[in-house]
Amino acid sequence: MFETLQNWLRELLSQTENKNSRAHILIRGDRLAKGGYSVELEKKIYNLGIFGWMRPSETFIEFDLEAPKEKLDAFLTAIKIVPTWTRVDRVELAWNTEKKGYQNFRVRN
């Protein structure tokens, strides 16, 4: 019985993991870090419970994120809210089928 329960839990966890989507996002612009834009996006990621990483700079912010699609969609909506002192020139988005299995979120330098 215990082995059956273990198998059931393992199957349930694998189904949950498979429901995650993965997105690679690159935002290009100016004053992205100093203007607080990257900090606000980082807070949004934490609040939504998204895993992966971000790499901020003044002229770009790069993300590789995994979460259920609806959470990633909510994050993509948040990207559109840009402070007046920040300039976003372009947002590049690529959906990836290969999952990385991120277990947390971190900021890369």
Looking only at residues in region 15-62 that are part of a strand (DSSP E or B) and of a type in the set (A, V, I, L, M), which one is nearest to THR97 (Cα to Cα)?
-> ALA23
Exactly one of (1) out of contact with any Phe, Trp or Tyr (no Cβ under 7 Å at 6 or more places or on another chain); (2) at pLDDT 95 or above is unmet by ILE50. Its number?
-> (1)
Taking only region 22-47 into account, find how many residues are within 18 Å of ALA74 (Cβ to Cβ) and buried (at least 18 other Cβ atoms within 10 Å of the Cβ).
-> 8
Scan region 72-84 and report the pairs whose first residue is surrounded by 15 or more Cβ atoms within 10 Å (Cβ to Cβ) and whose second residue is in a loop (DSSP other than H, G, I, E, B) and modelled with pLDDT of 90 or more, with Cβ atoms within less than 8 Å and a gap of 6+ or a chain change.
-> LEU72/ILE50; PHE75/ILE50
Residue by residue through region 64-107, note down the ones that are within 12 Å of the chain's Cα centre (by Cα) and of a type in the set (Asp, Glu).
-> ASP64, GLU66, GLU70, ASP73
Over 11 Å from the mean Cα position of the chain (by Cα), surrounded by fewer than 17 Cβ atoms within 10 Å (Cβ to Cβ) and closer than 14 Å to HIS24 by Cα - does that describe any residue in region 54-63?
-> yes
For ALA78, indicate whether it is of a type in the set (Gly, Ala, Ser) and in a helix (DSSP H, G or I).
-> yes
For ARG90, which of the numbered conditions (1) farther than 18 Å from SER21 by Cβ; (2) of a type outside the set (A, V, I, L, M, F, W, C); (3) modelled with pLDDT of 95 or more fails to hold?
-> (3)
Hey, does region 93-101 have a residue that's touching a helix residue (DSSP H, G or I) at 6+ places or on another chain (Cβ under 8 Å), closer than 14 Å to ARG22 by Cα, modelled with pLDDT under 95 and not in a helix (DSSP H, G or I)?
-> yes
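The values are calculated or read from the model by the stated rules, or taken from the named source; none is laboratory data. Since the structure is predicted, the reported quantities are computational estimates derived from the model, not experimental observations. Cβ: placed from backbone, ideal geometry, glycine included. Neighbour counts: every protein chain shown.
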